[in-house]
Structures are given as structure tokens and as C-alpha cells.
1. Here's a check for you: in the range 95-132, which residue that is within 19 Å of ILE10 (Cα to Cα) and small (Gly, Ala, Ser) is surrounded by the most Cβ atoms within 10 Å (Cβ to Cβ)?
2. Which one is surrounded by the fewest Cβ atoms within 10 Å (Cβ to Cβ), of the residues in the range 39-61 that are more than 18 Å from the chain's Cα centre (by Cα) and under 13 Å from ASN99 (Cα atoms)?
3. Yes or no: ILE135 more than 23 Å from THR6 (Cβ to Cβ), part of a helix (DSSP H, G or I) and at pLDDT 95 or above?
4. Return the residue satisfying two criteria in turn: it lies in the range 1-30 and is part of a strand (DSSP E or B) and crowded, with 22+ Cβ neighbours inside 10 Å, and of such residues it is farthest from the chain's Cα centre (by Cα).
5. Might you let me know whether the range 204-212 holds any residue that is under 18 Å from GLY17 (Cα atoms), in a loop (DSSP other than H, G, I, E, B) and modelled with pLDDT under 95?
6. Within the set of pairs 6+ apart or on separate chains, which have a first residue in the range 91-110 that is farther than 13 Å from GLY143 by Cβ, a second that is among the hydroxyl-bearing types (Ser, Thr, Tyr), and C-beta atoms under 6 Å apart?
7. Right, ASN26: more than 24 Å from ILE135 (Cβ to Cβ) and either of a type outside the set (Asp, Glu) or at pLDDT below 95 (or both) or not?
8. Just to be sure I understand the filter: pairs with C-beta atoms under 8 Å, separated by 6 or more residues or on different chains, first member in the range 75-90 and in contact (Cβ under 8 Å) with a residue 24 or more places away in the chain and within 19 Å of GLY17 (Cβ to Cβ), second member among the acidic types (Asp, Glu) and assigned to a helix (DSSP H, G or I). Which pairs pass?
Amino acid sequence: MPSFSTATLIGATGLIGSHLLTLLKNDTDFSEIRLLVRQPFGNTNARTTVMLTDFNDPQSLKRGIEGSEIVFCAIGTTQKKVGGDKQAYRKIDYDIAVNSAILCKESGCRTFVLVSSVGANAASNNFYLQLKGEIEEALAATGIHSLSIFRPSMLLGDRQEKRIGERIGQMAMKAFSFAIPAKYKPIEAKEVAAAMVAAAKQGKAGYHVYEYNDIKSTTRTTT
């Protein structure tokens with residue numbers, strides 16, 4: 001029998017999200033995998049439910065969150081996608097994550113797992129890191145029973161979209177990984193996804209941050 005009822009995934013098309021989806025589909029500990037997406041989505045199985053969601057509509061998002069036991073949020077955009085519009089960037093990264101967490105708490109869902117970034121800090125002068133820090137603070141304020149924040153550095157793996165600069169950066173980071181402080185080392189996206197699933201299953205009460213070494217140790221305990 002499955003150990004958990006419904007795991008909901010937001011951001012299934014991203015690099016980490018796609019790995020999360022693969023892991024969850026193959027994990028019989030979950031009876032239902034719910035995907036909240038903007039457009040029709042394939043890559044499913046009998047235990048997967050696709051819910052077309054208007055993330056700007058609280059009622060639409062609420063329908064997707066209600067009944068969930070665990071919510072994974074791997075949503076994220078880039079400056080290129082929003083044409084450099086910081087407000088549009090914030091509307092995706094901040095609003096979707098924070099509104100989902102609030103609804104998660106209100107509906108009785110006890111576990112929320114988020115992909116953030118190494119260096120996240122609400123006091124940072126860097127827009128991206130400041131935004132990630134603000135998201136983390138807002139999520140902590142919801143009082144969700146189990147909140148796990150993952151802060152990877154550069155992610156390794158093949159994206160559906162081609163990012164030439166990122167690909168070059170990945171190769172450089174891998175080559176000089178031995179000289180990089182642990183928390184800033186590049187890491188495989190599939191490792192982050194595996195650690196997220198493991199942390200969600202543990203459901204430890206409180207606020208927990210996972211950086212490079214924490215992610216590595218969490219995946220080691222599940223293999």
C-alpha cells in the first residue's frame with residue numbers, strides 16, 4: 001500500500017522538476033502524483049493527474065493544492081524569459097511559490113519542499129538572491145509543519161531549452177570543482193530531486209535548509 005496519498009508538483013517542465021516527475025512516477029509510496037501546469041502536459045502514467053492551473057487565480061491554484069499531502073515547488077523563470085522585467089520575474093518566482101505555500105498551510109498539507117538557490121538572502125544587493133531570500137522568509141512565516149528549502153549552486157544536466165552560456169559554465173565548474181568551496185560546487189539536478197523526495201518523505205517538523213553537503217548526505221541515505 002502507498003505510504004502517502006497525493007504529492008503535488010509545481011514546475012514539472014524545468015530541469016529539477018522533470019527529474020522530480022520521473023522519480024515520483026516510479027515511486028509507489030505515492031498513490032497520486034498531481035501536476036499543476038499552465039498548458040496540456042504529457043509524460044504521465046496511471047497515477048498522474050494533470051491539472052491545468054491559472055496561477056494568477058487563487059481559486060484555480062487552491063483546487064490544485066487542496067487534498068495534497070506534500071507539495072514540491074520547482075518553479076522558476078529567467079531574465080531572458082521575462083525580457084528583463086523584474087516585476088514579471090517576481091510574479092512567477094515569488095507569487096507562485098508563496099501563494100502555493102499559504103494555500104498548502106490553509107488546506108492542511110503538512111509538507112512543502114522548495115528549490116531556492118545558494119546565496120539566497122533577502123538583504124542581498126543582487127536581485128535574484130534577494131528575491132530567493134524573500135521567498136524563503138515568506139514561506140517560513142506560513143508556519144507549515146515541515147518546510148524544506150533546497151539551495152543548489154549551478155545545476156548539472158540537460159535542459160529541454162538550450163542555454164549555451166550555462167553549458168559552458170557547467171563544463172568550467174566541473175573542471176574546477178575541486179577548488180570550489182563545498183556549498184558552491186555544481187551538482188546534478190537529479191541528485192537535488194532525489195534529496196527533495198527523501199526530505200519530503202521524512203517530513204521533519206520545522207524549517208530545514210539543504211545546501212551541497214546536505215543534499216549529498218540525504219541522497220546517500222536513500223541509495
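1. Selected residue: SER100.
2. Among those residues, the one meeting the criterion is GLN59.
3. It is true that ILE135 is more than 23 Å from THR6 (Cβ to Cβ), part of a helix (DSSP H, G or I) and at pLDDT 95 or above.
4. Restricting to residues being part of a strand (DSSP E or B) and crowded, with 22+ Cβ neighbours inside 10 Å, the top hit is PHE30.
5. no
6. That search, which allows pairs on different chains as well, returns ILE92/THR77.
7. On the way: more than 24 Å from ILE135 (Cβ to Cβ): yes; either of a type outside the set (Asp, Glu) or at pLDDT below 95 (or both): yes.
When the stated conditions are applied, ASN26 passes them.
8. ILE75/ASP93; GLY76/ASP93
The values are calculated or read from the model by the stated rules, or taken from the named source; none is laboratory data. Quick caveat: nothing in here was measured; it's all calculated off a predicted structure. Here the Cβ is made from the backbone with ideal geometry for all residues, glycine too, and neighbour counts use every protein chain on show.
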